[in-house]
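The values are calculated or read from the model by the stated rules, or taken from the named source; none is laboratory data. Predicted model, so just to flag it, every value in this text is computed and none were measured. Reconstructed Cβ throughout: ideal geometry from the backbone, glycine too, with neighbour counts over all protein chains shown.
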Amino acid sequence: MPTPEVHGQCEARFERVRKVFAENFDKREELGAAVAVTVDGKPVLDLWGGYADKARTRPWNRDTIVNVWSTTKGLTAICAHRLAGQGRLDFDAPVAKYWPEFAQAGKGGMPVKYLLNHRAGLAAIRAPLPDEALFNWETVTKELARQEPWWEPGTKHGYHAITFGWLVGEVVRRITGKSLGTYFRDEIAKPLGLEAYIGFDASLDARVAEIIPAPPPKPGQPDVLAELLKNPESVGAKAIMNPPATMAPTTTNSRAWRGAEIPGANGHSDARSLARLYGALARGGEVDGIRVLDGGLERCYTEQSKGTDAVLNIPTRFSLGFMLSQPGAELGPNHHSFGHPGAGGSLGFADPDTKIGFGYVMNQMGSNVSLIDPRTGALIEAVYASL
């Protein structure tokens, strides 16, 4: 299969990144993808190539968007940090101050910060849910409000793979009167001119790339998903399989999935928008005169959780809503970088030390067990080698 043509713009000093991006198609089983970088708010590269569908009938275009899975969590966290900077949200206040029903099952004193740093013990919904509940905000938030945590909140951390978005999103909704997707659109995406959405109508469907599930791990590679599913009643299994069809391709390529607001997992974006948004944060929260955050940037990169994850059973490291660098999953070489990867490879992150904003999106999910996919890691390495 010939290497797809790489389209877009790239400053001469970042030619190494273009080369690695092309290599991803040859050497790392890329199908369709885009990568973008800003430095001090200015775009320095914006590349795309490959195919938007498994059948290779649709080229990946400049305006292609794709589901970015947990990279969405970063967008959701930014909404919460924006409200905190405005004095409308206190991360140390009880969740129940904003969402009174949350006080059920002994959760009255749980601080908002536990929802963002994965220490809440609400990583999965216990009660079996039908598939259609995935698209019903009221159903899932009521279940989360009434249920007892899986562990004593604050004593350990475990990745809230899907529930993160409903938990943080409901706090945002109670404060603003807007759904998380609407708030993100009105307050962040529209002012910055982003092609990034958490729930959208059918008018954009022709531009959406098809998500292709990861191939099975190669022999000898660990299979994190298989390990989680060994005990169907465990928090790990329920985190990704309740409702049962949460991760099924028939779900995640459906109109229902695209139209719903699932702020832990169903954001759709291009790389350019992720790089611009994180590029604003890398400059302290502002770009082109548009302010995303009013101070508090240090909260984005200050460690809150570290060690063996109670859900994933691998090491993870988090601030308030963002994943932080750790050995084998580095967001570049600098200590203050923060962002969020998504299942299969996508990533957005900010590096305030070099004022870099980075975005990468793709449709062929990778099966690598690392938090940073090899394709993404090669691109990051090339970016920093180019500075």
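Kindly check whether there is at least one residue in the stretch 267-283 that is surrounded by fewer than 20 Cβ atoms within 10 Å (Cβ to Cβ), touching a Pro at 6+ places or on another chain (Cβ under 6 Å) and at pLDDT 95 or above. Among the residues of the stretch 267-283, not one is surrounded by fewer than 20 Cβ atoms within 10 Å (Cβ to Cβ), touching a Pro at 6+ places or on another chain (Cβ under 6 Å) and at pLDDT 95 or above, which makes the answer no. Somewhere in the stretch 301-311, is a residue modelled with pLDDT of 95 or more, surrounded by fewer than 20 Cβ atoms within 10 Å (Cβ to Cβ) and assigned to a loop (DSSP other than H, G, I, E, B)? Looking for residues that are modelled with pLDDT of 95 or more, surrounded by fewer than 20 Cβ atoms within 10 Å (Cβ to Cβ) and assigned to a loop (DSSP other than H, G, I, E, B), one finds at least one in the stretch 301-311, hence yes. Within the stretch 352-360, is there a residue that is in contact with a strand residue (DSSP E or B) (Cβ under 6 Å, 6 or more places away or on another chain), over 20 Å from Glu11 (Cβ atoms) and either buried (at least 24 other Cβ atoms within 10 Å of the Cβ) or acidic (Asp, Glu) (or both)? No.
Matching residues to (1) over 30 Å from Arg62 (Cβ atoms); (2) surrounded by fewer than 19 Cβ atoms within 10 Å (Cβ to Cβ):
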| position | (1), (2) |
| --- | --- |
| Gln326 | yes, yes |
| Glu330 | no, yes |
| Ser346 | no, no |
| Asn368 | no, no |
| Pro374 | no, yes |
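Looking across the stretch 114-165 at every residue that is β-branched (Val, Ile, Thr) and within 18 Å of the chain's Cα centre (by Cα), the one that is farthest from Val95 (Cα to Cα) is identified as Ile162. For the stretch 20-68, a residue qualifies if it is out of contact with any Lys or Arg (no Cβ under 9 Å at 6 or more places or on another chain), under 15 Å from Gly344 (Cβ atoms) and of a type outside the set (A, V, I, L, M), and exactly one does: Lys54.
Consider the stretch 200-213 and keep the residues that are touching a helix residue (DSSP H, G or I) at 6+ places or on another chain (Cβ under 9 Å) and either assigned to a loop (DSSP other than H, G, I, E, B) or among the β-branched types (Val, Ile, Thr) (or both). The one that is modelled with the lowest pLDDT is Pro213. Scanning the stretch 27-45 turns up no residue that is hydrophobic (A, V, I, L, M, F, W, C), under 18 Å from the mean Cα position of the chain (by Cα) and part of a helix (DSSP H, G or I). Residues of the stretch 1-32 that are of a type in the set (A, V, I, L, M, F, W, C) and either touching a Phe, Trp or Tyr at 6+ places or on another chain (Cβ under 7 Å) or surrounded by fewer than 19 Cβ atoms within 10 Å (Cβ to Cβ) (or both): Met1, Val6, Ala12, Ala22, Leu31. Listed by first and then second residue, the pairs with beta-carbon distance under 8 Å, at least 6 apart or on different chains, first residue in the stretch 21-44 and within 14 Å of Lys355 (Cα to Cα) and without any contact (Cβ under 8 Å) to a residue 60 or more places away in the chain, second buried (at least 16 other Cβ atoms within 10 Å of the Cβ) and of a type in the set (Val, Ile, Thr), are Val44/Val37; Val44/Thr38.
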